[in-house]
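Peer 1: Here it is: the structure, laid out below.
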Amino acid sequence: MRQDDLYINKIDWISIAIYAVLVIIGWINIYAAVYDEQSIKSIFDFSINSGKQLVWIGTAVLLITVIMVADYRLFENLALILYGFFIILLIITPFIGKEVNGQILSVGFGNFRIQPAEFAKFATALALAKVMERPIFDLGQIKYQIKAIAVIMVPVILIMLQPDTGTAMVYFAFFIMLYREGMPQWYYVLGLSFVAITLLSLGIENNLYLAIAVGVIILILILLGKKKIPRILSLIGIGILIVGYSYSIDYVVSKLPEHQQNRIMVLFNPNLDPLGVGWNVTQSKIAIGSGGFFGKGYLEGTQTKFDFVPEQHTDFIFCTLGEEFGWLGSFVVIGLFCALLIRLVMLAERQKNRFSRIYGYCVISILLFHFMINIAMTVGLFPVVGIPLPFFSYGGSSLWSFTILLFIFIKLDSHRIQLLSRIG
């Protein structure tokens, strides 16, 4: 059997099939989101978003072709170079980029523009895999923890300067991969504790109640445990830190841009300003709820037709699906995303080459984070942070970056035998 035949047989066609179905369903929903009965245009009309998305889909196919015919060793060899290139691009974006709604996110010429922060995701994934591929890289040691975290935090800091808080948050998804590779669990316990305290601080009008609750819990722990001075002092110190942190949340939130403050407040009080800052989420939930079990039918969504939900073809594309295809359609799409993620976990676990496995879990982490946060945004369980639904939302940078991210891993998986022989 020729080597090319062996390579073709090793391609994971299941992942590719799920990707194709998600892209097609996303495309027809983009058409539904921009459909206007008064001026009916074909889904292939390049003057509307569905036609433009079709162009992005076609170019994505070209990118897939390039990735699949390229030498699989190229991605490992160029990992740090690509990372450095996109870091430089992120540095210069605020100076040469185009400003939209107070954010400088894209660079390019004329109508052709890309968002470096989107493409930096796969570059960061490759860089992490390259930095961590050596067997001596042990996340149980602090020096290796610092190296891995530094690779993640450099793009995070640069993206925050644009400022693009939503995209910057996505990079923390890489900590899912770090957990798989042996990052100490106390990092995650500490992180989740801070998240819980943050949510409680934002959700409780008066932080004094939280301080009293923390004091009571600390007192109970002191009374129930051993009465040793170091232990008592440690518990008191922890209590002081928690209370101090909770009071600092209000100060930090007050320094955020006004639109971000409003999004956070609406999360805890959806009725705060239903005709203003809460409009998007309120109308999104109405659209999804009105779809019922089977939906209103394709191109029959009233919330969609009358543009009640802003950005419905991008960040809020899921509510178009919910309104027109109902609970059943939403269940199918969520099932497809879950199937893809489960499949990618299976592929990652069968990798014997550490570079491929780490990169695979980076792909899983990014897709999982986007999938969960985007849907949580549309149903009011998470602040609106401008995170697209992978393969579904309108936009060239989004589709290209997710396509590159996924198909590099599919390419690496198809050559796992050759990669294994290199280890040997």
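The values are calculated or read from the model by the stated rules, or taken from the named source; none is laboratory data. Just so you know, these numbers come straight off a predicted model, no measurement behind them. A quick note on method: Cβ atoms are made from the backbone with ideal geometry, for glycine too, and the neighbour counts reach across all protein chains shown. With ligands, DNA and RNA removed, areas are computed over all heavy atoms of the protein, side chains included. Shrake-Rupley method; radii C 1.70, N 1.55, O 1.52, S 1.80 Å.
Peer 1: Points 7 angstrom from Cα along the Cβ direction at Leu224 and Lys352: gap in nanometres?
Peer 2: 5.0
Peer 1: Provide the per-residue ³J(HN,Hα) series for segment 206-223, in order, calculated from phi with Karplus coefficients 6.51, -1.76, 1.60 and θ = phi - 60°, each as a whole number of Hz, with x at glycine and proline positions.
Peer 2: Per residue, the Karplus-derived 3J(HN,Hα) values read 10, 5, 4, 5, 5, 4, 5, 4, 5, x, 5, 4, 4, 4, 4, 5, 5, 5 Hz.
Peer 1: Across 5 Å bins from the origin, how do the percents of Cα pairs in segment 103-234 run, short distances first?
Peer 2: It works out to 2, 8, 13, 13, 14, 12, 12, 10, 8, 4, 2, 1, 1, 0, 0, in whole percents.
Peer 1: Each residue of segment 166-178 in order: what ³J(HN,Hα) in whole Hz does its phi give by Karplus 6.51 cos²θ - 1.76 cosθ + 1.60, θ = phi - 60°, with x for Gly and Pro?
Peer 2: Whole-Hz 3J(HN,Hα) from phi for segment 166-178: x, 5, 4, 4, 4, 5, 6, 4, 4, 5, 5, 5, 4.
Peer 1: Straight-line reach only, C-alpha to C-alpha below 24 angstrom: list the lysines that Lys296 could link to, leaving out same-chain residues fewer than 8 apart.
Peer 2: Lys41, Lys285, Lys305
Peer 1: If packing is taken as the average count of other Cβ atoms within 10 Å, what order do 218-225, 355-362, 402-409, 282-289 fall into, highest mean first? Can you show the working numbers first?
Peer 2: On the way: 218-225: 12.1, 355-362: 26.8, 402-409: 24.1, 282-289: 20.8.
The densest-packed peptide leads the list: 355-362, 402-409, 282-289, 218-225.
Peer 1: Order of 384-394, 70-80 by packing, highest average Cβ count within 10 Å first? Write out the running numbers ahead of the final one.
Peer 2: On the way: 384-394: 24.5, 70-80: 15.6.
So the order, starting with the most tightly packed, is 384-394, 70-80.
Peer 1: List the pairs from Lys121/Lys147; Lys143/Lys255; Lys52/Lys130 whose alpha-carbon separation is above 27 Å, in the order I gave them.
Peer 2: Working: Lys121/Lys147 17 Å; Lys143/Lys255 33 Å; Lys52/Lys130 35 Å.
The pairs that break the limit, which is 27 Å between Cα atoms, are Lys143/Lys255; Lys52/Lys130.
Peer 1: I've got another one for you. Straight-line reach from Lys10: which lysines have Cα under 21 Å away, leaving out those fewer than 8 places along the same chain?
Peer 2: Within reach: Lys352, Lys411.
Peer 1: Output the peptides 166-172, 316-322, 9-15 sorted from most to least packed, where packing is the average of other Cβ atoms within 10 Å over each peptide's residues.
Peer 2: Details: 166-172: 20.4, 316-322: 27.6, 9-15: 14.1.
Result, highest mean first: 316-322, 166-172, 9-15.
Peer 1: Now, a different point. To the nearest 0.05, what FRET efficiency results for Asn77 and Leu199 with a Förster distance of 51 Å applied to their C-beta separation? Show your work: numbers first, answer last.
Peer 2: On the way: r = 43 Å, r/R0 = 0.85.
Approximately 0.70, to the nearest 0.05.
Peer 1: In what sequence, largest accessible area first, do Phe44, Phe175, Phe325, Phe86 appear using a 1.4 Å probe? Can you show the working numbers first?
Peer 2: Details: Phe44 120, Phe175 40, Phe325 65, Phe86 20 Å².
Final ranking, largest accessible area leading: Phe44, Phe325, Phe175, Phe86.
Peer 1: Could you point to the residue in Phe409, Cys319, Leu340 farthest towards the positive end of segment 313-415's charge dipole, with +1 and -1 charges on the Cβ of Lys/Arg and Asp/Glu respectively?
Peer 2: With unit charges placed on the Cβ atoms, the residue in question is Phe409.
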